[in-house]
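Below is one structure, written out as structure tokens; the observations come after it.
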Amino acid sequence: MQITSQTFKANSVKALADVDLQRALGNVERGFIDKRQKAVDALPEFDALRDNAVAIKNHTLKHLDLYIEAYVAKVQASGGIVHFAEDADHANQIFLDIARRRKAKTVTKGKTMISEEIGLNAFLEKNGIVPIETDLGEYIIQLRGEHPSHIIAPAVHVNRDQVEADFRRVHVDLDPMRSLVEPEMLLGEARQILRQKYGEADIGVTGANFLIAETGSSVIVTNEGNGDLTQLLGKCHVVLASIEKLVPTLEDMAQILRVLARSATGQDMSVYTTLSTGPKRPEDPDGPEEYHVILLDNGRSNMLGTEFEDMLRCIRCGACMNHCPVYHAVGGHSYGWVYPGPMGAVLTPSLIGVEKAGHLPNASTFCGRCESVCPMRIPLPKMMRHWREKEFESHLQPTTQRAGLGVWAFFARHPKLYRAAVSIAMPLLKRAGGSKRRFTSLPLAGGWTKWRDLPAPEGKTFMQQYAARTNGAGR
Amino acid sequence: MNENAVRHDNPPRVALFVTCLVDLFRPSVGFAAIKLLEEAGCAVSVPTAQTCCGQPTYNSGDRADTRAIAEQVIAAFEDFDHVVAPSGSCAAMLKKHYPELFAGDPAWEDRVAAFSGKVHELVSFLTDVRGMTAVAAAVSGTATYHDSCSGLRELGVKRQPRLLLESVEGLELAELKDAEVCCGFGGTFCVKYPDISNAIVTKKARNVGMSGADMLLAGDLGCLMNMDGKLKREGIAVEVRHVAEVLAGMTDTPPIGGRL
């Protein structure tokens, strides 16, 4: 997909002015936060589970090579094939080779962010293959020609009215008199269309929430069951997954699952948790004839052993964005690529380069709410700061900003000069503030005063006043 | 002096980290902090070699300058029993982030750890370290309290200001909706991304307006200036003050940003 992270600032201004989007974002702010809190409150050992989950992932990442090796052997033993993809193009090419060999015309898709990361839909369309999204949210945005704006609620930026209009536009057989007022009615309408597609599809593509080294299984969690139909009804199942999805055992998966849905949607568990291990065996009543895993790196192995390794613990629950004031304000599309919110602010520069995504780690107030709700305890603000350090080191920040900072740092390091300078400046600034004791506009402070007044200083600095008082007392 | 404050024959030597915003914009907060610390039985000093904790450079990715500033702060403050700042954000910088800055440097690690162990946010120092449960202040009105992010999430400051505010004679407390949500200040964030910052502070100002309070309090001057600036621009008549001013009973001065 086209990357627009470079224009984050302009994207966000546009998003702030989008009335429909702002209405939709209100739902993120209310629903997800309360549901997560209730689920956490109901489970006293939630924090202990988090520690456990963190330990599992840290251990796995330290020995990722061994677990990948074990996983591949198990997949092969169950009759599946693992393909390694270095980057997006490579992954797409592997997929196309599979599709061509099977003479595939349509592909159903469920539950895959990686396909967004590699731009699979556009690639398939270019090669004459029709991709069909089967998750309701994904289906809606596919009809709209958009991309997900959230990692678990891809169409959270769209309102119900917009969805109804889209369905009436695209579903030509839809009776104009039929009511679509309730979300369930919209779901029913989409389901009716999609049910035909599952059986017709030549290939079913899913992602994976986990890959299990112990058994060679891929695991998806869904609430709609579309993932199950995608991977079971197609004649060929292709799993698109990135390398950090590995966990050692089924027990490890079960542990992490306990924090995943609670953090994401406030559910104890999602409605479906489905494990796939290889293709259909002779005694199985159903299942795909072929089972492939495309294991994508796309920059992740470069994060191992660096200050960004912790980010590879991410289980894509979306809690960070659900609790982020910046995400609430601008929505997911503003971030300009697949991964929005605080996790995107760390992951996106890692995967596409900080020169393209430098705004993302900067556009944070460092309020820390993301880290406080992250089930995997990923220190998101700290890692955003690491990106800012990398930018600073490579002189990527605007010159004026850098110069201003340099002046501040110089004075901060020279207390006497600092005292002298501010002792002159503050009384002047106080006088300029006038009887209102505040500024409604101020040169060089336009970013502030565009939207708010600036309180004027009281006059003499604290240090001036304090020195005067203590000297007076001493005499 | 308040009856709950602990008396000592050898009062602890407390260094006040004034914070740059208090020094430049709101000196009255510094004097309120001194008054409260003295009421809590401390001998207060104000080291003159202080400027800023280094957050502007730290959060802009300039580690070298931040470290130079940090070394200066540590040298100026490490000989005291405690270091107290009327700001959760600056206290968290000194307490939580200085050790990160020096991590892996054996020449400094122990020294930084000893220093950071002595750092406290003002209100939590009064309650958690000095055992204060009440103040001797009287202020009439209804106040609402915003939990600034760093103090709340990095230092666990939540209950402490409410405990002391409840003891202020004549003061009613009204809880603020989404009190724990960021006000959109974020240091340089507010000028680098003014439109997003505005969207966030607009929600905050609306919640303050709906709280029914006539006074908005918090423990960080940056957040207070941001919220006050928005309230004034929107014409919402709520006085904005640092919590220390109210706890010290020093509310005869004009509020932040003047009166409407």
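Since every read-out is calculated from the coordinates, none of them should be taken as a lab result. Given the structure is predicted, the values throughout are model-derived calculations rather than measurements. Cβ sites come from the backbone with ideal geometry, for glycine too, and all protein chains shown count toward neighbours.
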**Report entry** Number of positions in the range A:336-345 that are within 14 Å of chain B (Cβ to nearest Cβ) and in contact with a Leu (Cβ under 7 Å, 6 or more places away or on another chain)
**Finding:** 2
Report task. For the range B:243-260, enumerate the residues that are in contact with an Asp or Glu (Cβ under 8 Å, 6 or more places away or on another chain), within 12 Å of chain A (Cβ to nearest Cβ) and not aliphatic (A, V, I, L, M). Result -> B:T253, B:P255, B:G257, B:R259
Query raised in the report: Given the conditions (1) out of contact with any helix residue (DSSP H, G or I) (no Cβ under 7 Å at 6 or more places or on another chain); (2) in contact (Cβ under 8 Å) with a residue 24 or more places away in the chain; (3) in a helix (DSSP H, G or I), which single one is not true for B:A213?
Result: (3)
**Report entry** Residues within the range A:62-91 that are assigned to a helix (DSSP H, G or I) and closer than 30 Å to A:E290 by Cβ, tallied
**Finding:** 18
Query raised in the report: Of all residues in the range B:162-193, which are within 9 Å of another protein chain (Cβ to nearest Cβ) and either in contact with a Pro (Cβ under 7 Å, 6 or more places away or on another chain) or buried (at least 21 other Cβ atoms within 10 Å of the Cβ) (or both)?
Result: B:V181, B:C182, B:C183, B:G184, B:F185, B:G186, B:G187, B:T188, B:F189, B:C190, B:Y193
**Report entry** Residue tally, condition outside any helix (DSSP H, G or I), in contact with a strand residue (DSSP E or B) (Cβ under 6 Å, 6 or more places away or on another chain) and either surrounded by fewer than 24 Cβ atoms within 10 Å (Cβ to Cβ) or facing chain A (nearest Cβ under 10 Å) (or both), over the range B:29-49
**Finding:** 5
Report task. Report yes if B:C52 is in a loop (DSSP other than H, G, I, E, B), over 11 Å from B:L16 (Cα atoms), within 13 Å of another protein chain (Cβ to nearest Cβ) and under 18 Å from the mean Cα position of the chain (by Cα), otherwise no. Result -> yes
Query - Neighbours by Cβ (under 8 Å, 6+ apart or cross-chain): first from the range A:311-335, within 16 Å of A:W387 (Cβ to Cβ) and away from every other protein chain (no Cβ under 14 Å); second charged (D, E, K, R) and part of a helix (DSSP H, G or I) - result: A:L312/A:K57; A:L312/A:E244; A:C314/A:E244
Query raised in the report: Picking from A:F439, A:F410, which residue would you name as being more than 8 Å from chain B (Cβ to nearest Cβ), in contact with a strand residue (DSSP E or B) (Cβ under 6 Å, 6 or more places away or on another chain) and free of Cβ contacts under 8 Å to residues at least 60 places away in the same chain?
Result: A:F439
Requested in this report: Name every residue in the range A:115-132 that is of a type in the set (A, V, I, L, M, F, W, C) and either surrounded by fewer than 24 Cβ atoms within 10 Å (Cβ to Cβ) or under 18 Å from A:L233 (Cβ atoms) (or both), in order of residue number.
Outcome: A:A122, A:F123, A:L124, A:I129, A:V130, A:I132
Report summary line: Of all helices (runs of 4 or more DSSP H) fully inside the range A:92-188, the set with 3 or more residues that are over 28 Å from A:F210 (Cβ atoms) is A:160-170
**Report entry** A:L211 being surrounded by fewer than 19 Cβ atoms within 10 Å (Cβ to Cβ) and either touching a helix residue (DSSP H, G or I) at 6+ places or on another chain (Cβ under 7 Å) or among the aromatic types (F, W, Y) (or both)
**Finding:** no
Query raised in the report: Is it true that A:L405 is more than 9 Å from every other protein chain (Cβ to nearest Cβ) and either surrounded by 16 or more Cβ atoms within 10 Å (Cβ to Cβ) or of a type in the set (G, A, S) (or both)?
Result: no
